[in-house]
Amino acid sequence: MTAPVARVLVVELLGGFGDVLLALPAVHALARSQPGARVDVLTFTPGDVLLSADPLVARVLPLSDHSEGAPRAAVAAALDAAEAEGAAYDLVVTTTTYDGIGELCRERAPRSVTNLWQGAPDGELVDCRFVRLLADAGVVAPEHVATPLRVELTATELSTGREAVDAVLGGAGRGRPPVVLVPGSGMPVKEWGATRWARLAEALTAAGHPVLSAVDRTTPAVEGTRPLPPGGLRELAARLAAVGSRGGVVVGGDTGPVRLGAAVGAPAVGLYGPTSAGRYGLRPDTGTSLQGWPGCPVRLPSAITEQQCWWEASCPFGEEPQCMADIAVETVLAAVLDRLDRSPGRAG
């Protein structure tokens, strides 16, 4: 490693809270590699709350304004404020380079790492690559390259999460480990379809597992499942942690709640269609990533937003995204049952 630093700013302004989770191992690896350093994180709401109880994050700088120019202005303001305090950042790491943010970080900080997305090959998980590139840059120690994804919850949150899950499960909570389905994906192109979700729920129920749904205001619960109560991201994290402690599993598309489950100890099964499981999938120790139609000719692993199907979910090969339709219910069921068998948690 190069010389230690005293104050670090991590900029993560890509949008969703799933992006915060992709960057979190890098944040933790930086903090552990720079003992005594203050690590601040600038990120969008609502994902900022996932860092609120993190002992390795000194301060979270939340941004709710997504309008043009606002992210760059927020980075400049953070740098200005640190200088005004007489403790300027001597290292800035950013996952975000649009709108000149990368250039700004290079210009204003004595040391910066701004190339975390450049040249990423298909087959190397993005969150692992972030940490590896920081090690290549000399700011993460080799012993921290394998830093796991972990969201810290308080004892009170964990207790409240267990109570919430117990209330939903009722008597079923004394039986086999539960499974949480996450049917919403935030984008039509990532949808697996209500019929497939219902068939999966029916099969899991027949296998003796209580089946729950994690839903939002726009996505109804899967037919035949029990919905988790609504709440914020930290409440969801605590409930997924409770599911994991019972030996349960979280299942869903390439979306934040599935990765959040893995981050709090609930093994996950992720369904990947338009996105590459080789880049955006779950780490094998905490999840199983199922790739639909691996040979899709329009998938662009390193430029997903440029795919012709991305924004409008208009698949050139069928009425629904064929990459998602290619993932059979039987395949998902087998992956979930395998994860349940291997889960370190326990029921009851």
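Taking segment 289-310 as the range and being within 20 Å of GLY252 (Cα to Cα) and either surrounded by fewer than 12 Cβ atoms within 10 Å (Cβ to Cβ) or among the polar types (S, T, N, Q) (or both) as the test, the residues that pass are SER289, GLN291. When LEU134 is tested against (1) assigned by TED's automatic domain parsing to the domain that holds GLY292; (2) crowded, with 20+ Cβ neighbours inside 10 Å, exactly one condition is not met: (1). Here PRO229 passes the criteria (1) out of contact with any Gly (no Cβ under 8 Å at 6 or more places or on another chain); (2) surrounded by 19 or more Cβ atoms within 10 Å (Cβ to Cβ); (3) within 29 Å of ASP166 (Cβ to Cβ) except the one numbered (2). Restricting attention to segment 68-89 and to residues that are without any contact (Cβ under 8 Å) to a residue 12 or more places away in the chain and either of a type in the set (Ser, Thr, Tyr) or not in a loop (DSSP other than H, G, I, E, B) (or both), the residue that is surrounded by the fewest Cβ atoms within 10 Å (Cβ to Cβ) turns out to be ALA84.
Within segment 90-124, the set of residues being surrounded by 15 or more Cβ atoms within 10 Å (Cβ to Cβ) and of a type in the set (D, E, K, R) comprises ASP90, ASP99, ARG106, ARG108, ARG111. Is there a residue in segment 174-181 that is part of a helix (DSSP H, G or I) and at pLDDT below 95? Looking for residues that are part of a helix (DSSP H, G or I) and at pLDDT below 95, one finds at least one in segment 174-181, hence yes.
Checking every residue in segment 163-176 against the condition of being in contact (Cβ under 8 Å) with a residue 60 or more places away in the chain, surrounded by fewer than 23 Cβ atoms within 10 Å (Cβ to Cβ) and under 25 Å from LEU21 (Cβ atoms) gives at least one match.
Every residue, every condition in (1) closer than 19 Å to TYR98 by Cβ; (2) crowded, with 21+ Cβ neighbours inside 10 Å; (3) at pLDDT below 95, yes or no:
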residue: THR2; (1), (2), (3): no, no, yes
residue: LEU13; (1), (2), (3): yes, yes, no
residue: ALA23; (1), (2), (3): yes, yes, no
residue: GLY36; (1), (2), (3): no, no, yes
residue: VAL39; (1), (2), (3): no, yes, no
residue: GLY47; (1), (2), (3): yes, yes, no
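Across segment 51-62, the qualifying residues are those that are in contact (Cβ under 8 Å) with a residue 24 or more places away in the chain, of a type in the set (A, V, I, L, M) and touching a Lys or Arg at 6+ places or on another chain (Cβ under 9 Å), and the one among them that is surrounded by the most Cβ atoms within 10 Å (Cβ to Cβ) is LEU56.
Here is a list: ASP19, ASP65, ASP40, ASP48. Which entry is among the charged types (D, E, K, R), assigned to a helix (DSSP H, G or I) and either over 22 Å from THR286 (Cβ atoms) or without any contact (Cβ under 8 Å) to a residue 12 or more places away in the chain (or both)? Walk me through it before giving the result.
Details: ASP19 fails: either over 22 Å from THR286 (Cβ atoms) or without any contact (Cβ under 8 Å) to a residue 12 or more places away in the chain (or both); ASP65 fails: assigned to a helix (DSSP H, G or I); ASP40 fails: assigned to a helix (DSSP H, G or I).
The unique qualifying residue is ASP48.
Checking the structure you have, find out if any residue of segment 286-297 is under 28 Å from ARG162 (Cβ atoms) and part of a loop (DSSP other than H, G, I, E, B). Yes: one or more hits.
Conditions (1) out of contact with any strand residue (DSSP E or B) (no Cβ under 6 Å at 6 or more places or on another chain); (2) under 23 Å from THR255 (Cβ atoms), marked per residue:
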| position | (1), (2) |
| --- | --- |
| PRO4 | yes, no |
| LEU21 | yes, yes |
| PRO35 | yes, no |
| THR45 | no, yes |
| LEU56 | yes, no |
| VAL60 | no, yes |
| GLU68 | yes, no |
| ASP99 | yes, no |
| GLU107 | yes, no |
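Kindly establish whether VAL145 is in contact (Cβ under 8 Å) with a residue 60 or more places away in the chain, β-branched (Val, Ile, Thr) and under 19 Å from GLY261 (Cβ atoms). Considered against the rule, which asks whether it is in contact (Cβ under 8 Å) with a residue 60 or more places away in the chain, β-branched (Val, Ile, Thr) and under 19 Å from GLY261 (Cβ atoms), VAL145 comes out as no.
The values are calculated or read from the model by the stated rules, or taken from the named source; none is laboratory data. None of the values given here were measured: they were computed from a predicted structure. When we count neighbours, we look across all protein chains shown, and the Cβ atoms used for this are built from the backbone with ideal geometry, even at glycine.
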